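Take a look at the structure set out below.
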């Protein structure tokens, strides 16, 4: 078999059902092999789109996403998408073409040192120098991407390796002496015992859940734990929906734009149970003032995430799902019903005093939050939303009620504008029956707008909703609040998005009045076409509360009044 | 702040040194020295990395190194009985008058005169940090022209 055929055979054996990619000189052998294969390949319009699609597919399904690109510019166009996946621990394999082995280092046409460029943004990467190593390398790449703390792995294959002949040998097992993720699956017994005792003895606990719990497919266990102990639970934007937000134990999202009552609870609790989150700076605010009186339990599969920014009293290295199961057994064995009633009273007081709110004035400009409230009311959590980055991303966290895991897909760590639309396409391929919505802003949408062509090409019924405030809204908000209203290059004039959509072969509409929102959303949600709805919103609207940069999490600004 | 000696066993493959260097630079860690060479197993290399930092920083360095797929094991030798040595070549200005003095210094420290010229002599010393420091202090008044050091290499001692 030729190297390229070996690659395609390996992808099949790994159970890959769809690839996102773009052909070019250095991966032509691969595309030639794909021509004879029944593997589904989606032709994107820009390689960045391919990486985000693979990422969106992976987050929606939990499986490894795969993207392909040629050497040089093809590979460098993947870089933002790989970094996005790396920051959010998304399992992905990126396969790039490389110039011929003997030309490497020669500044050949379309040559870039892709392994060098992607070293800090991949979990691991490979340059395949011998066709006999190819099958084993692909096998290892999928194994590394999907196990432990998941992440992107890149495999760079020179043209001559793709063309070389070799016998196909499928390695039955993977043995990497420097990579033993199975060592980090079971949590330490003694630590789990300690954690259980702290939980039943606590008076004011908060459970704080992050993306790791989603990666570990621990929804059921997490819900059981919360219902068992009756503790308040808050999530980062990476874990929205893991506990239903319409249930009383839910404190919804915490952090820079979390509800005030939630941040107060985190700040004043006596026990903080971190489940698969990483004490990100958007959650902790000024780190040395963060939740000063609490004992901290941290469950994480990655030892390096524990104690990185916040000191922890009970570290538990392990897979969230397994650890939660053990933890519940321990708690039950203690036969001590914790009593958090006084704590709940305190939290309810904060919730009453500082509700998450906004006002949609009658006959006034359209408020972006209103669009999300109506969407939430119409769909009741039965959607899969991808977003871009900025105000709309945070309003979606605040004003949509999330009730299921893997339904809110966003670039949380890297904060990549342009992520939403390609991620929606990847998610739709992964979950064809799902109602997929891409929520975006007028700034973000144009960063990968070309992928509308891909969506229309494949008749994907994706609905893009633009919260258009004719500005880079979050930049404008920071300029207004922290840069003396000096609005430096944050206003932008956008094209007529409805017409642009029509040009791409999608359906387009523009609305600007609150009373248009419900009928328009009802209309597109019941339609099978690909839609772009441009919602012209109030540019003055801001995301509140906000923890100002460098401040403690109880020093939120609640509104401008 | 204290110096920690990390002994890191890695795959002997191209690009591994770059991975380690890139991780250390990218995460903002400070290192004093890094020495690398093949081991008794030709598929593995041992790196001795001297890190300057508090316990929390060194803990992070160790954990981050352990995350690399090509890293087989990380040992913090500072916490156990170990041997460590460094090789230094030190070129010093010499005159007919000072030559015997410098040869005497070398002899006292069990160093060698590796090269002797009209204007310079080069002293080669293998020793621990105290010995290296002593050599540098003793030759300083004569005028040091050039120095090259390997960085420390270390091994755990049998107990």
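The values are calculated or read from the model by the stated rules, or taken from the named source; none is laboratory data. Since we're looking at a predicted model, the values are computed, not measured. No Cβ is skipped: glycine too gets one built from the backbone with ideal geometry, and neighbour counts run over all protein chains shown.
Here are some notes:
- Any hit, the range A:456-463, residues being in a strand (DSSP E or B) and surrounded by 17 or more Cβ atoms within 10 Å (Cβ to Cβ): yes
- Where a residue in the range A:296-310 is away from chain B (no Cβ under 13 Å) and its partner, wherever it lies, is assigned to a helix (DSSP H, G or I), with Cβ under 6 Å and at least six apart: A:297/A:195; A:299/A:320; A:299/A:323
- From the options A:559, A:534, A:554, A:538, residue that is within 24 Å of residue A:472 (Cα to Cα), modelled with pLDDT under 95 and not in a helix (DSSP H, G or I): A:559
- Selection of the range B:7-37 for residues being closer than 18 Å to residue B:76 by Cβ and more than 10 Å from chain A (Cβ to nearest Cβ) yields B:7, B:8, B:20, B:24, B:29, B:30, B:31, B:32, B:33, B:34, B:35, B:36.
- Exclusive hit being crowded, with 18+ Cβ neighbours inside 10 Å, over 19 Å from residue A:154 (Cβ atoms), touching a strand residue (DSSP E or B) at 6+ places or on another chain (Cβ under 8 Å) and modelled with pLDDT of 95 or more, set A:26, A:50, A:60: A:60
- Residue pairs whose Cβ atoms lie under 6 Å apart, separated by 6 or more positions or on different chains, with the first residue in the range A:1-24 and without any contact (Cβ under 8 Å) to a residue 60 or more places away in the chain and the second in a loop (DSSP other than H, G, I, E, B), are A:8/A:37; A:22/A:44.
- Selected residue [in contact with a helix residue (DSSP H, G or I) (Cβ under 7 Å, 6 or more places away or on another chain), over 24 Å from residue A:87 (Cβ atoms), away from every other protein chain (no Cβ under 11 Å) and surrounded by 18 or more Cβ atoms within 10 Å (Cβ to Cβ)] from A:169, A:174, A:161, A:155: A:161
- The set of residues in the range A:118-138 being within 25 Å of the chain's Cα centre (by Cα) and farther than 20 Å from residue A:26 by Cα consists of A:119, A:120, A:121, A:122, A:123, A:124.
- Screening residue A:31 against (1) under 22 Å from the mean Cα position of the chain (by Cα); (2) without any contact (Cβ under 8 Å) to a residue 60 or more places away in the chain leaves a single unmet condition, (1).
- Only one of the listed residues (B:69, B:118) is under 30 Å from residue A:302 (Cα atoms) and either in a loop (DSSP other than H, G, I, E, B) or not assigned by TED's automatic domain parsing to the domain that holds residue B:12 (or both). That residue is B:69.
- Qualifying residues in the range B:47-67 (those that are touching a residue at least 12 places away in the same chain (Cβ under 8 Å) and within 7 Å of chain A (Cβ to nearest Cβ)) - the one farthest from residue B:2 (Cα to Cα): B:64
- Residue that is surrounded by the most Cβ atoms within 10 Å (Cβ to Cβ), among those in the range A:77-125 that are within 14 Å of another protein chain (Cβ to nearest Cβ) and in a loop (DSSP other than H, G, I, E, B): A:122
- Flag if residue B:21 is out of contact with any helix residue (DSSP H, G or I) (no Cβ under 7 Å at 6 or more places or on another chain), assigned by TED's automatic domain parsing to the domain that holds residue B:65 and over 18 Å from residue A:178 (Cβ atoms): no
- Residue match in the range B:120-127 (condition: at negative phi, under 18 Å from the mean Cα position of the chain (by Cα), within 14 Å of chain A (Cβ to nearest Cβ) and surrounded by 13 or more Cβ atoms within 10 Å (Cβ to Cβ)): no
- Candidates B:59, B:40, filtered to the one that is under 22 Å from residue B:150 (Cβ atoms) and either out of contact with any strand residue (DSSP E or B) (no Cβ under 8 Å at 6 or more places or on another chain) or part of a helix (DSSP H, G or I) (or both): B:40
- When the range B:70-97 is filtered for residues that are within 14 Å of another protein chain (Cβ to nearest Cβ) and touching a helix residue (DSSP H, G or I) at 6+ places or on another chain (Cβ under 6 Å), the ones remaining, listed by number, are B:70, B:71, B:74.
- Qualifying residue in the range A:313-335 (condition: within 14 Å of another protein chain (Cβ to nearest Cβ) and touching a strand residue (DSSP E or B) at 6+ places or on another chain (Cβ under 9 Å)): yes
- Test: residue in the range A:269-287 that is within 14 Å of chain B (Cβ to nearest Cβ) and part of a helix (DSSP H, G or I): yes
- Some residue of the range B:129-145 being loosely packed, with under 13 Cβ neighbours inside 10 Å, modelled with pLDDT of 95 or more and assigned to a loop (DSSP other than H, G, I, E, B): no
- Selection within the range A:198-216 - out of contact with any helix residue (DSSP H, G or I) (no Cβ under 7 Å at 6 or more places or on another chain) and in a helix (DSSP H, G or I): A:198, A:201, A:211, A:214, A:215
- Residue B:157 fulfils the conditions (1) within 28 Å of residue B:31 (Cα to Cα); (2) modelled with pLDDT of 95 or more except for a single criterion, (2).
- Scope the range A:311-326; condition in a loop (DSSP other than H, G, I, E, B) and within 22 Å of the chain's Cα centre (by Cα); matching residues: A:318, A:319
- Hits in the range A:177-202 - residues which are within 14 Å of another protein chain (Cβ to nearest Cβ) and touching a residue at least 24 places away in the same chain (Cβ under 8 Å): A:179, A:181, A:184
- Meets criteria (more than 14 Å from chain B (Cβ to nearest Cβ), outside any loop (DSSP other than H, G, I, E, B) and surrounded by 23 or more Cβ atoms within 10 Å (Cβ to Cβ)) for residue A:138: yes
Listed here are the residues, each with its yes/no results for (1) touching a strand residue (DSSP E or B) at 6+ places or on another chain (Cβ under 9 Å); (2) closer than 24 Å to residue A:43 by Cβ; (3) not assigned by TED's automatic domain parsing to the domain that holds residue A:238.
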| site | (1), (2), (3) |
| --- | --- |
| A:77 | yes, yes, yes |
| A:80 | no, yes, yes |
| A:109 | no, yes, yes |
| A:127 | yes, no, yes |
| A:130 | no, no, yes |
| A:139 | no, no, yes |
| A:157 | yes, yes, yes |
